[in-house]
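The values are calculated or read from the model by the stated rules, or taken from the named source; none is laboratory data. What you see is a predicted model; the values in this text were computed from it and never measured. Positions of Cβ are generated from backbone atoms using ideal geometry, with glycine treated the same way; all protein chains shown enter the neighbour counts.
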Amino acid sequence: MARKRKEDAEKTRRKILASALSLFVKKGYEKTTFNDIAARLKMTKGAVYWHFESKERLLVELVEEALVKFRRQLEELMPHGELTFPKVADMMVRNAVQMSEDPKGAAFFRLMKCQIKWSDDSMAKVREDLLSNAESGPMAAFRNAVAADIAAGRARSTVDADEVAVVAIAIWDGLVQAQIDHFLTRDLELTLRHAYEAIWNRIRIKE
């Protein structure tokens with residue numbers, strides 16, 4: 001009985017998260033209320049509060065979900081040796097294609113990019129949680145991969161791993177947004193691969 005209650009509670013949490021994501025994207029994070037989320041699910045506001053203490057907590061859990069998914073993808077690379085820039089780049093290309101083709105993934109991307117005013121004081125706690133997870137995100141994966149490439153003699157010692165990571169993520173971010181907004185006139189996968197190949201050719205030690 002206890003196990004069933006736990007499973008039911010988890011299903012309810014998943015429904016609330018899905019409803020919140022949909023409404024955050026449609027109405028905007030600031031304009032969405034717990035009443036909106038509850039009404040969409042035919043629940044009481046109190047029932048939603050029982051699962052999530054605040055709207056900010058809902059947003060944090062949506063972000064954490066995305067980070068968990070990314071960490072799983074990263075862990076799949078680990079049995080095949082240490083991280084390298086080409087390996088992380090390949091994973092990020094596949095991640096970009098999957099996100100752009102998945103309605104939920106595209107909705108989450110739009111939420112992060114367009115529907116939240118990160119400069120608002122109300123976002124301070126969420127920003128703090130995001131920063132605390134920074135070491136396990138895509139930026140860290142690129143940075144750590146480049147550092148490993150330098151240490152192993154695959155990349156030049158003068159390369160700035162932080163700078164490469166920033167550029168690599170900026171390229172990913174811009175191309176994914178262009179694809180989701182139907183502005184990209186080239187194939188997303190090929191364009192990203194060409195861009196990352198150019199970066200790798202710039203930083204690697206040529207034999």
**OP:** Report, by residue number, each residue of segment 168-207 that is under 18 Å from Pro86 (Cβ atoms) and surrounded by fewer than 16 Cβ atoms within 10 Å (Cβ to Cβ).
**Re:** Glu189, Leu190, Arg193, His194, Glu197, Ala198, Asn201, Arg202, Ile205, Lys206, Glu207
**OP:** Any residue in segment 22-40 that's on the phi > 0 side of the Ramachandran plot: show its pairings with residues that are part of a helix (DSSP H, G or I) at Cβ separation under 9 Å, as long as the two are six or more apart or on different chains.
**Re:** Gly28/Cys114
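Results for (1) assigned by TED's automatic domain parsing to the domain that holds Gly105; (2) exposed (fewer than 14 other Cβ atoms within 10 Å of the Cβ); (3) under 24 Å from Phe109 (Cα atoms), shown as yes or no for each residue.
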position: Glu7; (1), (2), (3): no, yes, no
position: Lys11; (1), (2), (3): no, yes, yes
position: Arg14; (1), (2), (3): no, yes, yes
position: Leu17; (1), (2), (3): no, no, yes
position: Leu23; (1), (2), (3): no, no, yes
position: Lys31; (1), (2), (3): no, yes, yes
position: Asp36; (1), (2), (3): no, no, yes
position: Met43; (1), (2), (3): no, no, no
position: Gly46; (1), (2), (3): no, yes, no
**OP:** Please indicate, with yes or no, whether at least one residue in segment 100-115 is touching a helix residue (DSSP H, G or I) at 6+ places or on another chain (Cβ under 6 Å), among the polar types (S, T, N, Q) and either more than 23 Å from Leu190 (Cα to Cα) or modelled with pLDDT under 75 (or both).
**Re:** yes
Original post:
Can you tell me how many residues in segment 21-46 are at pLDDT 85 or above and assigned to a helix (DSSP H, G or I)?
Top reply: 11
Original post:
Only one residue in Glu65, Glu61, Glu82, Glu76 is modelled with pLDDT of 70 or more, part of a loop (DSSP other than H, G, I, E, B) and either surrounded by fewer than 13 Cβ atoms within 10 Å (Cβ to Cβ) or not assigned by TED's automatic domain parsing to the domain that holds Thr12 (or both). Which one?
Top reply: Glu82
Subject >> Which numbered condition Val93 misses (of (1) assigned to a helix (DSSP H, G or I); (2) modelled with pLDDT of 85 or more; (3) out of contact with any Asp or Glu (no Cβ under 8 Å at 6 or more places or on another chain); (4) of a type outside the set (Gly, Ala, Ser)) >> reply: (3)
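Consider Ala198 carefully, then state whether it is in a helix (DSSP H, G or I) and under 19 Å from the mean Cα position of the chain (by Cα).
On the way: in a helix (DSSP H, G or I): yes; under 19 Å from the mean Cα position of the chain (by Cα): no.
Spelling it out, it is not the case that Ala198 is in a helix (DSSP H, G or I) and under 19 Å from the mean Cα position of the chain (by Cα).
Could you list, in sequence order, all residues of segment 138-167 that are outside any helix (DSSP H, G or I) and either touching a residue at least 60 places away in the same chain (Cβ under 8 Å) or surrounded by 15 or more Cβ atoms within 10 Å (Cβ to Cβ) (or both)? If you could, list the steps in order and put the result at the bottom.
Kept after step one, since they are outside any helix (DSSP H, G or I), are these residues of segment 138-167: 152-160.
Listed by number, the residues that qualify are Ala152, Arg154, Ala155, Val159.
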**OP:** Kindly indicate whether any position in segment 140-156 is small (Gly, Ala, Ser), in the same structural domain as Glu64 (by TED's automatic domain parsing) and touching a Pro at 6+ places or on another chain (Cβ under 9 Å).
**Re:** yes
